[in-house]
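The values are calculated or read from the model by the stated rules, or taken from the named source; none is laboratory data. Because the structure is a prediction, the values reported are computed rather than measured. Every residue, glycine among them, receives a Cβ derived from its backbone with ideal geometry; neighbour counts consider all protein chains shown. What goes into the accessible areas is simple: the full protein's heavy atoms, side chains included, and nothing from ligands, DNA or RNA. Shrake-Rupley method; radii C 1.70, N 1.55, O 1.52, S 1.80 Å.
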Amino acid sequence: MKKWSRVFWMLVTFMLVVSVGLFAAAKKKPGEKILVGFSQIGSESEWRNANTMSVINTFNEDPDIILIFSDAQQKQENQIKALRSFIAKKVDVILFTAIVETGYRPVLLEAKRAGIPVIMIDRDVCEADRDLRLTIMGSDFVEEGRKSARWLGDYLKKQGIDDGKKTINIVELQGTVGSAPAIDRAKGFREIMKDHPNWKITRSQTGNFTSSEGKQVMEAFLKADKNIQVLFAHNDQMALGAIQAIKEAGLKPGKDIIIVSIDAVKGAFEAMVAGELNCSVECNPLLGPQALQAVKDLMSGKKLPPRIWTIEGVFDQGNAAEALPTRQY
Ligand code: AHR
């Protein structure tokens, strides 16, 4: 065989192998729609609503996708039912935000047996069940807890409130018991507390990530003991409720009690501009575009990384007014 014809046939074979490989990896035929099921936990906060709308709008605008949305209204049994109905409908991919970390193993096993990949959005399942989901995209909740405590340390020092000796009494409004953000934010905050032996968490209770419960619990904290220097709230919604309780107790939020929370929603920016909230650590809910990219990559045969992070900042009264007009949620 002549050298040129050998090169020609080698090239043809190479092209064939590549195209067969690509065809085998792609999970959909050209023109076929991708069926996606999204199990959301509810609508407990401004953050959650922004997250839901980001996913729904992004997926609905894509002509290649059909999205089935299910709102669990904060009930795990509703979520399990929704996941089972997605499996019965033979969806191509499941997007899943877990209300709490545990209790989903059997249904995740069913999805795995049915060959349906599960992509976690925002809230993950516990470590022992992570073998049953493909990847998780969202925030580093432990780091958010650390960022809150680091910001607090700098602020108290700059204001001359913390001399490192006098006790700083902190109350904590925790998120939903057993949820990934509540577990991780508490953990990250306490990690940094180790550098501040005079900081003391005097009271800690769940406010379920809602404004009404945040208010109720803060009222109870204040009734029991007014000697509080700091409130650490696991989300803005609870902090906003607590601000009302602090005002009703005749104290000045942001001055008499320093308040640090997480999410950086618009309401928090307004409270910072009004001087009633001191800091909000950003947790980005706009995960729709990243989720869509992940679904498309997966369907075209690409391997997804085990963790897809979002990039986030920290805002306080020093930069809130400047950032507020550009906030999207
Ligand atoms: O899982 C993310 C948390 O859930 C957000 O911080 C909170 O606002 C939401 O309800």
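One residue stands out among those in the range 273-298 that are hydrophobic (A, V, I, L, M, F, W, C) and either over 30 Å from D62 (Cα atoms) or modelled with pLDDT under 95 (or both): the one that is most open to solvent (accessible area, probe 1.4 Å), which is V273.
Is there a residue being out of contact with any Leu (no Cβ under 9 Å at 6 or more places or on another chain) and open to solvent by 30 Å² or more (accessible area, probe 1.4 Å) anywhere in the range 256-272? Checked against the condition, which is being out of contact with any Leu (no Cβ under 9 Å at 6 or more places or on another chain) and open to solvent by 30 Å² or more (accessible area, probe 1.4 Å), the range 256-272 yields at least one hit.
Looking at the range 204-213 only, could you name the residues that are over 19 Å from the mean Cα position of the chain (by Cα) and either exposed (fewer than 14 other Cβ atoms within 10 Å of the Cβ) or within 16 Å of the ligand (Cβ to nearest atom) (or both)? Show your work before the answer.
Start the filter on the range 204-213 by keeping residues that are over 19 Å from the mean Cα position of the chain (by Cα), which leaves 204-205, 212-213.
Scanning the range 204-213 gives S212, E213.
Taking the listed residues G164, G178, the one that is assigned to a loop (DSSP other than H, G, I, E, B) and within 15 Å of the ligand (Cβ to nearest atom) is G178, with no other qualifying. In the set I87, I116, I66, I56, only one residue is open to solvent by less than 70 Å² (accessible area, probe 1.4 Å) and within 26 Å of Y329 (Cβ to Cβ); that residue is I56.
Results for (1) more than 14 Å from S45 (Cβ to Cβ); (2) touching a residue at least 12 places away in the same chain (Cβ under 8 Å), shown as yes or no for each residue.
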site	(1), (2)
D163	yes, no
A182	no, yes
F189	yes, yes
I192	yes, yes
E213	no, yes
E219	yes, yes
F232	yes, yes
I243	yes, yes
K266	no, yes
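Restricting attention to the range 208-220, does a residue exist that is part of a strand (DSSP E or B) and among the β-branched types (V, I, T)?
Taking the range 208-220 and keeping what is part of a strand (DSSP E or B), we get none.
No, every residue in the range 208-220 fails to be part of a strand (DSSP E or B) and among the β-branched types (V, I, T).
I'd like the full set of residues that are of a type outside the set (G, A, S), under 20 Å from G37 (Cβ atoms) and touching a residue at least 40 places away in the same chain (Cβ under 8 Å), limited to the range 274-300. Matches in the range 274-300: P285, L287, P289, Q290, L292, V295, K296, L298, M299. Being of a type in the set (K, R), crowded, with 18+ Cβ neighbours inside 10 Å and at pLDDT 95 or above is a property that R146 has.
Given the criterion within 23 Å of V171 (Cβ to Cβ), touching a Cys at 6+ places or on another chain (Cβ under 9 Å) and within 16 Å of the ligand (Cβ to nearest atom), identify the matching residue among I262, I243.
Working: I243 fails: touching a Cys at 6+ places or on another chain (Cβ under 9 Å).
Just a single option satisfies the conditions, and that option is I262.
Inclusion of A294 among residues that are more than 14 Å from A239 (Cβ to Cβ) and in contact with a strand residue (DSSP E or B) (Cβ under 7 Å, 6 or more places away or on another chain) is warranted. What do you reckon, is I94 within 19 Å of L35 (Cβ to Cβ), modelled with pLDDT of 95 or more, buried (at least 22 other Cβ atoms within 10 Å of the Cβ) and within 18 Å of the chain's Cα centre (by Cα)? For I94, the condition - within 19 Å of L35 (Cβ to Cβ), modelled with pLDDT of 95 or more, buried (at least 22 other Cβ atoms within 10 Å of the Cβ) and within 18 Å of the chain's Cα centre (by Cα) - is met.
Note on the range 22-127: enclosed helices (runs of 4 or more DSSP H) holding 3 or more residues that are in contact (Cβ under 8 Å) with a residue 60 or more places away in the chain are 46-60. Each residue in the range 128-143 was checked for being away from the ligand (no atom under 16 Å from the Cβ), assigned to a helix (DSSP H, G or I) and open to solvent by less than 60 Å² (accessible area, probe 1.4 Å), and 2 pass.
Taken over the range 299-329, residues that are hydroxyl-bearing (S, T, Y), open to solvent by 70 Å² or more (accessible area, probe 1.4 Å) and within 20 Å of V91 (Cα to Cα) amount to 0. The residues listed here are K200, K187; of these, the one that is within 17 Å of the chain's Cα centre (by Cα), surrounded by fewer than 23 Cβ atoms within 10 Å (Cβ to Cβ) and either charged (D, E, K, R) or within 12 Å of the ligand (Cβ to nearest atom) (or both) is K187.
Of all residues in the range 222-235, none are assigned to a helix (DSSP H, G or I), within 12 Å of the ligand (Cβ to nearest atom) and open to solvent by 10 Å² or more (accessible area, probe 1.4 Å).
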